[in-house]
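Everything on this sheet refers to the single structure shown next.
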Amino acid sequence: MKLDITPNQSKILMIIHQNDSVTSNDIGKYIHSNKSSLSKVLNNLEKNNYITREADKNDTRKKIVNKYV
């Protein structure tokens, strides 16, 4: 089975898999990416059902990124 993902998307999926759920800011720090670039990558992953994003219950400015179940 071939997945149609980029190397950056692969890194992000590994980070999420290893951490179960993580904020988008934390992902940006792990892969040294700016918010704009990261947002585009996360949008594509979400659109293709690889991840889900939701607002943090304690701080709605933060987005929690989870594996798609």
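Under 5 Å between amide H atoms, partner at least 5 residues away or on a different chain: which partners does residue 51 have, H built in plane at 1.01 Å?
For residue 51, whose amide H was placed from the backbone, the distant partners under 5 Å are 46, 68.
Nearest 500 deg cm²/dmol is fine: what mean residue ellipticity at 222 nm does the chain get from its DSSP H runs of n ≥ 4 alone, each adding -39,500 (n - 2.57), divided by its residue count?
-15000 deg cm²/dmol
Residue-wise, which Karplus ³J(HN,Hα) couplings in Hz belong to the range 17-27, taking 6.51 cos²θ - 1.76 cosθ + 1.60, θ = phi - 60°, and x for glycine or proline?
Listing the rounded values in order: 4, 6, 10, 6, 8, 8, 7, 5, 4, 5, 4 Hz.
With a 1.4 Å probe and every protein chain left in place, tell me how much accessible area residue 56 has, in Å² to the nearest 10.
30
Loop-only check: which chymotrypsin sites (Phe, Trp or Tyr not before Pro) in the chain are DSSP coil with at most 13 other Cβ within 10 angstrom?
Filter output for the chain: 68.
Find the accessible area per residue for the chain; the probe is 1.4 Å, ligands and nucleic acids are left out, and the unit is Å².
Here the residues of the chain average 75 Å² of exposed surface.
Using a Gaussian network model on the chain with a 10 Å cutoff between Cα atoms, which of 35, 57, 11 fluctuates the most?
Evaluated over the chain, the most mobile residue of the options is 57.
Working from Cα positions, state the angle (0 to 90°, nearest 10) between the long axis of helix 35-47 and the longest principal axis of the chain.
Value to nearest ten degrees: 60.
Checking the a/c ratio against 1.5 first, then a/b against b/c, what shape does the Cα gyration tensor give for the range 28-69?
Note, shape of the range 28-69 comes out oblate.
The values are calculated or read from the model by the stated rules, or taken from the named source; none is laboratory data. A quick note: this is a predicted structure, and the numbers were derived from the prediction, not measured. Glycine gets a Cβ as well: all are built from the backbone with ideal geometry, and neighbour counts include every protein chain shown. Keep in mind that these areas ignore ligands, DNA and RNA; they rest on the heavy atoms of the full protein, side chains included. Shrake-Rupley method; radii C 1.70, N 1.55, O 1.52, S 1.80 Å.
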